[in-house]
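Notes to accompany the following structure.
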Protein chains: 4
Amino acid sequence: MAGSTIGVLFRVTTWGESHGPALGAVVDGCPPGLALDEQDVQEWLDRRRPGRVRSSSPRREDDRVEILSGVFEGKTTGTPIALLIRNRDAASHDYEHLRDVFRPGHGDYAYLQKYGIRDYRGGGRASGRETAARVAAGAVAAKVLAGSGIRVFAFTRELGGITAADTRPGEMDRNDLRCPDPEAAARMADLLEEARKEGDSLGGVVEVVVQGCPPGLGEPVFDKLDADLAGALMSIGTVKGVEIGAGFEAARMKGSESNDALGPDGFQSNRAGGILAGISTGQDIVIRVACKPIPSIGREQQTVDVSGKPVVLAVRGRHDGCVIPRILPVCEAMVSIVLADHLLRQRAVGR
Amino acid sequence: MAGSTIGVLFRVTTWGESHGPALGAVVDGCPPGLALDEQDVQEWLDRRRPGRVRSSSPRREDDRVEILSGVFEGKTTGTPIALLIRNRDAASHDYEHLRDVFRPGHGDYAYLQKYGIRDYRGGGRASGRETAARVAAGAVAAKVLAGSGIRVFAFTRELGGITAADTRPGEMDRNDLRCPDPEAAARMADLLEEARKEGDSLGGVVEVVVQGCPPGLGEPVFDKLDADLAGALMSIGTVKGVEIGAGFEAARMKGSESNDALGPDGFQSNRAGGILAGISTGQDIVIRVACKPIPSIGREQQTVDVSGKPVVLAVRGRHDGCVIPRILPVCEAMVSIVLADHLLRQRAVGR
Amino acid sequence: MAGSTIGVLFRVTTWGESHGPALGAVVDGCPPGLALDEQDVQEWLDRRRPGRVRSSSPRREDDRVEILSGVFEGKTTGTPIALLIRNRDAASHDYEHLRDVFRPGHGDYAYLQKYGIRDYRGGGRASGRETAARVAAGAVAAKVLAGSGIRVFAFTRELGGITAADTRPGEMDRNDLRCPDPEAAARMADLLEEARKEGDSLGGVVEVVVQGCPPGLGEPVFDKLDADLAGALMSIGTVKGVEIGAGFEAARMKGSESNDALGPDGFQSNRAGGILAGISTGQDIVIRVACKPIPSIGREQQTVDVSGKPVVLAVRGRHDGCVIPRILPVCEAMVSIVLADHLLRQRAVGR
Amino acid sequence: MAGSTIGVLFRVTTWGESHGPALGAVVDGCPPGLALDEQDVQEWLDRRRPGRVRSSSPRREDDRVEILSGVFEGKTTGTPIALLIRNRDAASHDYEHLRDVFRPGHGDYAYLQKYGIRDYRGGGRASGRETAARVAAGAVAAKVLAGSGIRVFAFTRELGGITAADTRPGEMDRNDLRCPDPEAAARMADLLEEARKEGDSLGGVVEVVVQGCPPGLGEPVFDKLDADLAGALMSIGTVKGVEIGAGFEAARMKGSESNDALGPDGFQSNRAGGILAGISTGQDIVIRVACKPIPSIGREQQTVDVSGKPVVLAVRGRHDGCVIPRILPVCEAMVSIVLADHLLRQRAVGR
């Protein structure tokens, strides 16, 4: 019970289903005196809006955010910030053909087992749409971080098996996939278009980088910074893996290879990914996140209905061919929320 | 501040440094009426004891646990269970040569940045020794799970780049590395011995499997079962990556490949790893964990002392060549603790 | 930071200021399958509406609640229930004369010290208006309790020094003050009218009774049922004291007088107020709550402005002469929220 | 489940039963760099030791504390501080005659209902002995407060119906009851002696004062400073009521009487008790706590055994005639723990 809140001091609670009247977030614990208006949040929401790339869902949410509390005369007051987003285009009738069918790769079977309730309307609370509330809260977290010179950004490291080998930051802003390698970006886009034509979908790997993080964030031993980051990112429905720094590759190294040597100017490499013993070192924090392909596909799949009878299903409706790039601001949001929380927690140490 | 507690209803708090007088755990929220004695916990501790394989640290802790509360006449009472382990062999003098030196790959630099305090004695709270308390608590969690027919076990999937391709469960118990592929196990052991002779260390991948988990565990949206598992496992100092089911491989699949089809007899594959939308499906839960090589190595490394002066360091003292196999019961403990918590949380749903 | 959430499994987060666009609550952890609609919540809100007695504030909020999530086809789904109440009549201009003045007995001085921010509009987050969100959440909690046969009600035990000596439950519904002693009720109403004419206000004592509470609720040792009830009730702005059962009177008894004897039919008295060692006994839970007089009064008071200059203040605007009876559903809500949480927590014990 | 932890940033977990091998506390979140040794904690424990006044229990615990972690070279490190107290004199055989009998006023009936387990040995977790762990943790909290110039002390305001009218701080240290009114102190001691001779016990009222508390502590709206203080104090087994400032007396005042006027030099009275809208004002915090008489009395009482058969019980064994004065350091501890937590939380606000 009660799993919709994250954070200790900077605490975010989200609510809302994909096809209910609205969804939103309450951000409690935001420090007072930060400049914040609806446009700040809107910019984040616009980045996760469908329809930005060819492969994206044609659903048009318009996602207008309202700030209902916690801001007075353009500044945060220290009290909870309520963020509301109406679901303007929740066409539940699209989901009638799914009323009695378990969709492979989706949460409806597990939810029914959990609650004994079946809300077949497009995924309910398990829908990717829920992440809009996270993104809105992330915009507030980013304000907290900006005040300390911390910057979080995500990009496409891999899509459909194609890897961005070359990383030129300036390139990210030049393609819809936010891929820093323009040549790979073009191939990814083609592959995505192809999959979509086949009624299929693709997975990918997102990389999140945190610049300007001060050393000392993270708490021994369960609330380590990497533990909280991993938990927060894995809480995104589509994520099946998280790694920090060298990650799984570190498992194949020797100690003499994976250790980052120290010199008078600091660390001489960053295989740790900016976190040692769960505490930030001051280097860039580097995280990679494995996203599975979107499970709703037009291709026919074998499944059963609620009575257990075999059914062949081709999911109709509005769906993206890949969670990338819409997932990028969601990953940024989750990382920003965790960092804002740990930034405030570290202040309490009094150093 | 205050990051040494995990869980909502089944709540574990650990304390203790590697070279202090003792370490321990408080397990609050254990249901009443479970048979529990010190031997139950001791068996778990014995499995993480050094010295079981050639490559392990020769330090002999003897790790005797005392149960100080929460058990009456051989049964849990429902009140907090305090578990105490004395540090009998904490030879701090071994660490004198590290007094002023930052060890590459270790937490001492980050801790100093965080707290302004330098406890150079073998890692303090960041030491792998802290995991003894987790393992003791995990033994209690396993009792809770056993009552519901849930079984958790971990084995070596990969070590030093060698992968256990073949998985014969019976084989695990036949080698020290708990590797289900006997041929791979032999090669791993050789590689480990070699690395040790070079004063180096190796990393590896642990796989954890949960059998008999009922469907419905896990809470939308931040306290998803996979989110909590990922956070709990990433909180182990050595862990740099966590993946569920197909994990990072899912990022390279198409939706038609990664979705698990459903038939009248249930799921027809398990690429989800037993968790969909953050909630258990009733299938086996499958998790893989990337462990970096132990950073304390005998080989010379470039580092600096606290004044920033370059130093060449060869770490002396008692160290394992690989966290595997000692990390296996630690992984089992963390998974068991998370599952016990979610099992109790699901009871509250009242279904 | 982040103090707007209460509860472990049944978890309520409120947000909103008295003169912002709206206020609301998120109720996370409500069990699935309970019948719930907006009318259920509206009935609770109507009971705290101003204007029900002569002495109440003439402000007309109309307080219409919207349920934005967590309910599907008239039943709770197990996911967060978002409750929204727009502030329709937030006439901020009434507060212009308070812009620079600290109001005696109010939170504005303390808030400024805390946050360095001055939101002078009618109390902001510290306003009694914030309790509307609690009442809305309380309506949901009451649904949870009703399913277990638990009933919570509050009444006026004392007002302006007049005590309801006689307690005839049926009488409560016959007067606006919900006072069970009709003769006392009449005197209270007169006194209240008199105070209001003088531009003054009165305090009182609310009694809350819980019927049908099963034994076993409450957790040793900090989350005792009486501890959580006391904290929850003291969190209402107007409350300055809480007592359980014989309360302060118990401090004047001997052990032989305060102990409740047990007979074959159970307890033979209820000086414990239904809670022993922090755990419910199955008897009625009896709590009394001391409410201070409303600090906003028309009579002239000595105070200072933000620059520290002495000012004589007579607070204009819409104010009740006493928090009673509007506080009654607020007290019921807080008690219901705490009980719902402990009911779910006790389910996890598995007995 | 899991109610033995209090606090958000300064977090205390206690464990242990009255007649188990030991009890203790884990203090997580204590800032680094504070001087702390066992003697600091011992002094607090000595103040709650039985046998200090004629009326106290002759049981001699000797209560020696061990600090097992979190302190290095005499300074706190920022990691959890484990405090251990062995039960040296736990003569369980004294309790054989209680094996099957419910003691009036005690928690054994409620515990049996909750857990289905009967630990008849002197109250188990519900025993007053549990408070030793709180007192040990309180000693650490007091260190945190001392660094900010905050001082907490408790004294006897009322005992057996006799009130300390006159408050001369210097007098407290001159009598065992820590009563500031020497004349009242003498009468209280006589009354207590008399009750003890009758095999009876007395209740009383403790007053706790906090000096030097900065303004701004406490969080809107549920984690108000007074809410957390009330909850923490009510969590002491013996406490049946808590009031802040004028408390229940405020319920009998008019607004013009209860409001504290403000002048250029600050507040001109302190009926608020140092807290407005749940946030400290910088004035002294004043709390009064109602303690019921100790339920274990030698006089015969009517009760039942576990089978429901009527029994006449005269509790044998070692018992105090009144929780005062032993409860005084317990009250100080709980108040100190809450304040330390809020002090750290306010640091995170960054002002």
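Quick one: Cα centre-to-centre distance for the range B:318-351 and the range A:273-351, in angstrom?
Each part's Cα centre sits 22 Å from the other's.
Treat every Asp and Glu Cβ in the range C:5-348 as -1 and every Lys and Arg Cβ as +1, leave all other atoms uncharged, and give the resulting dipole magnitude about the Cα centre to the nearest 20 debye.
So the dipole magnitude of the range C:5-348 works out to roughly 620 debye.
Restricting things to alpha carbons, tell me how big the protein assembly as shown is in terms of Rg and Dmax, in Å.
When restricted to Cα atoms, the protein assembly as shown yields Rg and Dmax of 30.9, 94 Å.
Solvent-accessible area of A:Thr281, probe 1.4 Å, all protein chains present, reported in Å² to the nearest ten, please.
Its heavy atoms expose roughly 10 Å² to the probe.
Work through the residues other than B:Arg11 whose Cβ is under 14 Å from its Cβ and net out their charges, Lys, Arg +1 and Asp, Glu -1.
Surrounding charge for B:Arg11 is -4.
From the cross-link list B:Lys75/C:Lys224; C:Lys114/D:Lys143; C:Lys240/D:Lys143; A:Lys254/B:Lys224; A:Lys224/D:Lys75; A:Lys143/C:Lys292, which pairs have alpha carbons spaced over 30 Å apart?
Those over the limit are A:Lys254/B:Lys224; A:Lys143/C:Lys292.
So which residue, out of D:Glu171, D:Glu257, D:Glu207, gets the largest mean-square fluctuation from a GNM of chain D using Cα contacts under 10 Å as springs?
D:Glu257
Averaged over its residues, how many other protein chain Cβ atoms are within 10 Å of peptide C:147-159's Cβ atoms?
Shielding by partners across C:147-159 averages 1.
Want the number for A:Ser148 to A:Asp46: 0.36 nm per residue separation, take away the alpha-carbon distance, what's left?
So the chain would gain 34.3 nm between A:Ser148 and A:Asp46.
If we hang a label 7 Å off Cα along the beta carbon direction at B:Arg351, how far is it from the matching labels on the other copies, in nm, shortest first?
Reported distances to equivalent positions: 2.7, 4.6, 4.6 nm.
Rounded to the nearest 100 Å², what is the sum over both chains of accessible area buried where B meets D, with a probe of 1.4 Å?
3500
When you look at the Cβ of every residue in C:199-205, what mean number of other chain Cβ atoms sits within 10 Å?
Shielding by partners across C:199-205 averages 5.
May I ask for the net charge around C:Pro214, where only other residues with Cβ less than 14 Å from the Cβ of C:Pro214 are counted and Lys, Arg are +1 while Asp, Glu are -1?
Result for the neighbourhood of C:Pro214: +4.
Between the range A:200-253 and the range D:150-207, what is the C-alpha centre distance in whole Å?
Cα centroid to Cα centroid, the span is 59 Å.
Label-point separation (nm) for A:Gln268 and D:Asp284, each offset 7 Å from Cα along Cα-to-Cβ?
A separation of 6.4 nm, rounded to one decimal place.
What number comes out for the charge environment of B:Ser235, summing +1 per Lys or Arg and -1 per Asp or Glu over other residues with Cβ under 11 Å away?
Summing Lys and Arg as +1 and Asp and Glu as -1 gives -4.
Can you pull the one-decimal nm distance between simple spin-label points at D:Glu257 and C:Glu183, each 7 Å off the Cα toward Cβ?
Placing both labels 7 Å beyond Cα along the Cβ direction yields 2.3 nm.
Can you tell me the orientation of helix D:225-234 relative to chain D, as the angle in degrees between its alpha-carbon axis and the longest Cα principal axis, to the nearest 10?
10
Convex hull over the Cα atoms of the range A:204-351, averaged projected area in nm²?
Approximately 12.5 nm², given one-decimal rounding.
Using only atoms on other chains, find how many Cβ atoms lie within 10 Å of each Cβ of peptide A:300-307 and report the average.
Rounded to a whole number, the mean comes out at 4.
With a 1.4 Å probe and all protein chains in place, put D:Glu17, C:Glu193, C:Glu183 in order of accessible area, largest first.
In descending accessible area the options line up as C:Glu183, C:Glu193, D:Glu17.
With an 8 Å Cα cut-off and a minimum separation of 6 or more residues, compute the relative contact order for the range A:99-240 in percent.
21
Please determine, in degrees from 0 to 90 and to the nearest 10, the orientation of helix B:131-146 with respect to the longest principal axis defined by the Cα atoms of chain B, where the helix direction is its Cα long axis.
10
So the label point sits 7 Å from Cα along the Cα-to-Cβ vector; using that for D:Asp166, what distances do you get to the other copies, in nanometres, sorted shortest first?
Copy-to-copy label distances at D:Asp166, shortest first: 4.6, 9.2, 9.4 nm.
Let me know the charge dipole size of the protein assembly as shown about its Cα centre in debye, to the nearest 20, where only the beta-carbon of Lys, Arg (+1) and Asp, Glu (-1) is charged.
It comes to approximately 0 debye.
When chain C is modelled as a GNM with alpha-carbon springs shorter than 10 Å, which of C:Arg178, C:Arg252, C:Arg187 fluctuates the most?
Checking each option, the largest mean-square fluctuation is seen for C:Arg252.
Starting from the Kirkwood radius over alpha-carbon pairs of chain B, derive D by Stokes-Einstein at 37 °C in a medium of 0.692 mPa s and give it in µm² s⁻¹.
Approximately 155 µm²/s, per Stokes-Einstein.
Helix A:38-47 sits at what angle to the longest principal axis of chain A, using alpha carbons and giving 0 to 90 degrees rounded to 10?
60
For label points placed 7 Å from Cα toward Cβ, what is the shortest-first list of nm distances from B:Ala35 to its copies?
Label-point distances to the other copies, shortest first: 4.7, 5.4, 6.9 nm.
Between B:Gly298, B:Gly273, B:Gly263, which gets the highest mean-square fluctuation from a Gaussian network model of chain B, Cα cutoff 10 Å?
Among B:Gly298, B:Gly273, B:Gly263, the largest GNM mean-square fluctuation belongs to B:Gly263.
Which Cβ of chain D lies nearest the axis of the rotation superposing D onto B, and at what whole-Å distance?
For chain D, the closest residue to the axis carrying it onto B is D:Thr13, 2.
With runs of 4+ DSSP H residues as the only contributors, calculate the mean residue ellipticity of the protein assembly as shown at 222 nm using -39,500 (n - 2.57) per run, divided by the residue total and rounded to the nearest 500.
The helix contribution divided over the protein assembly as shown gives -8000 deg cm²/dmol.
The values are calculated or read from the model by the stated rules, or taken from the named source; none is laboratory data. Given the structure is predicted, the values throughout are model-derived calculations rather than measurements. Ideal geometry is used to build each Cβ from the backbone, glycine not excepted, and the neighbour counts take in all protein chains shown. To get the accessible areas, we keep the full protein, side chains included, count just its heavy atoms, and leave off ligands, DNA and RNA. Shrake-Rupley method; radii C 1.70, N 1.55, O 1.52, S 1.80 Å.
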